[in-house]
Amino acid sequence: MHFLDDSLLPENQEKLVIQVAPYGPQWLPGDFPEDIPVSMQEQVQKAVDCYNAGASVLHLHCREADGQGSKRISMFNEMVDRIRTACPDMLIQVGGSISFAPEGEGAEAKWLSDDTRHMLADLSPKPDQVTIAINTTQMNITELMMDGDVDGTILENPAYAFAYRDMYLESGPKFYLEHLKRLRDAQIQPHFMLAHIAQFETVERLIRKGEYMGPLILNYVAIGGGASGTHPADLIEFARRVPDGAVLTIESIMRNVIPFNTIAIALGLHVRVGIEDNIWRRKGERMTSVQQIEQMVRISEEIGRDVAGGADAKRIYQIGNWYQSADETLRKLGMPPNRRTGQRGNPMWEYA
């Protein structure tokens, strides 16, 4: 992204899109009972409360009645439908790292297959987005945990913590190429969750080959353990490498979320909050998802930057837009064209 002399002035920045992840599938209800919804009604109301507080994009997971994370596609269908009715202007983004367990015979043997994850493209009603990771990576969410971060939660249990320490997110070319195709066929926008610049470079190659043709909506995932860490220079370099036509949201973990998001707001980028990422205001003081949203609204308003509503977020994310060629995608994103055969020097678009 380019930063002009006046790019940090809030009147020149796009409205702030606040993405919220309020369901925290790694937690059990007893970890944060005042903020972990369990019943379907409570989960839908949580979305409404987050929207009313200022979030315009909902990162969606859902729970069974016993409080465990659900892998039933029928339950996701119900939840998307009910949130659409209760909060029609909120963008719904389903977490693509979920592996749904198919209902019926043979479920246990098949739920981790690529075919099962591709069921995200068959959600009905369809969400606005499904998140997608590019390239298999370790997803050790415990690496950046500091003293006190998991106090009073299931992650105090070593066996549970070790399970997350050793977690990998499987997303090789066989999976993501087919998944991108299916999402396009279903007219569901992919939201790229990128852990570092090397993954962004893979996405750029997909664009240049015409294997992805659409708006580039992405998160910079600074959670450590296979993803980027918390050095601000890495965040700045990632933002510098992302094209001007992309929409970049910053995501971090635990008490790093607030300082990272403050930087993002000042730079004109977008933010993600919610108990999936962070449960603390300061050390020892819990903070609900709604309180986190309200904090981002206050910070943004303090520097004079407007906060996006649902219609704004739909426009900013370019929901419903698709491109028809690699060249069109490169132009829309503000990226240099592909090199023509025999062309020397830096490829540039020709203008009349």
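Miscellaneous remarks
- The range 208-241, residues that are of a type in the set (Val, Ile, Thr) and within 19 Å of Ala326 (Cβ to Cβ): Ile217
- For Lys46: the one exception among (1) farther than 30 Å from Met335 by Cβ; (2) among the charged types (D, E, K, R); (3) surrounded by fewer than 21 Cβ atoms within 10 Å (Cβ to Cβ); (4) within 19 Å of the chain's Cα centre (by Cα): (3)
- Of the residues making up the range 212-248, those that are farther than 25 Å from Arg165 by Cβ, of a type in the set (Gly, Ala, Ser) and buried (at least 18 other Cβ atoms within 10 Å of the Cβ) are Gly214, Ala239, Ala246.
- Here is the figure for the range 250-259: residues that are closer than 20 Å to Gln199 by Cβ and surrounded by 22 or more Cβ atoms within 10 Å (Cβ to Cβ) total 4.
- Qualifying residue in the range 261-273 (condition: buried (at least 20 other Cβ atoms within 10 Å of the Cβ), outside any loop (DSSP other than H, G, I, E, B), over 14 Å from the mean Cα position of the chain (by Cα) and not polar (S, T, N, Q)): yes
- Subset of the range 293-307 that is outside any helix (DSSP H, G or I) and touching a strand residue (DSSP E or B) at 6+ places or on another chain (Cβ under 9 Å) - its residue that is nearest to Pro10 (Cα to Cα): Arg305
- Scanning the range 116-171 for residues that are polar (S, T, N, Q) and farther than 22 Å from Gly224 by Cα, we see that the one that is surrounded by the most Cβ atoms within 10 Å (Cβ to Cβ) is Gln129.
- Figure legend. Inter-residue proximity from the range 73-95: first residues within 16 Å of Ala313 (Cα to Cα) and surrounded by fewer than 23 Cβ atoms within 10 Å (Cβ to Cβ), second residues of a type in the set (Phe, Trp, Tyr) and at pLDDT 95 or above, beta-carbon distance below 6 Å, spacing 6+ or different chains. Indicated pairs: Cys87/Tyr51.
One line per residue, one yes/no per condition, for (1) under 19 Å from Pro88 (Cβ atoms); (2) of a type in the set (Asp, Glu); (3) not in a loop (DSSP other than H, G, I, E, B):
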site: His2; (1), (2), (3): no, no, no
site: Glu11; (1), (2), (3): no, yes, yes
site: Glu14; (1), (2), (3): no, yes, no
site: Gln19; (1), (2), (3): yes, no, yes
site: Gln26; (1), (2), (3): no, no, no
site: Pro37; (1), (2), (3): no, no, no
site: Val48; (1), (2), (3): yes, no, yes
site: Ala55; (1), (2), (3): yes, no, no
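- Residue match in the range 104-117 (condition: at pLDDT 90 or above, not in a loop (DSSP other than H, G, I, E, B) and not hydrophobic (A, V, I, L, M, F, W, C)): no
- One residue alone among Arg344, Arg340, Arg298 is of a type outside the set (A, V, I, L, M) and under 29 Å from Pro33 (Cβ atoms), and that residue is Arg298.
- Residues in the range 274-292 that are buried (at least 21 other Cβ atoms within 10 Å of the Cβ), assigned to a loop (DSSP other than H, G, I, E, B) and either in contact (Cβ under 8 Å) with a residue 24 or more places away in the chain or acidic (Asp, Glu) (or both): Gly274, Ile275, Glu276, Asp277, Asn278, Ile279, Thr288.
- Restricting Arg165, Arg205 to residues that are at pLDDT 95 or above and over 17 Å from Gly24 (Cβ atoms) narrows the list to Arg205.
- Those residues of the range 299-332 which are over 19 Å from the mean Cα position of the chain (by Cα), buried (at least 16 other Cβ atoms within 10 Å of the Cβ), hydrophobic (A, V, I, L, M, F, W, C) and more than 18 Å from Ala53 (Cβ to Cβ), in sequence order: Ala326, Leu330
- Scan of the range 308-352 for residues that are part of a loop (DSSP other than H, G, I, E, B), hydroxyl-bearing (Ser, Thr, Tyr) and within 28 Å of His270 (Cα to Cα), ordered by number: Tyr323, Ser325
The values are calculated or read from the model by the stated rules, or taken from the named source; none is laboratory data. What you see is a predicted model, and the numbers here were worked out from it, not measured in a lab. Note that each Cβ is placed from the backbone with ideal geometry, even for glycine, and that neighbours are counted across all protein chains shown.
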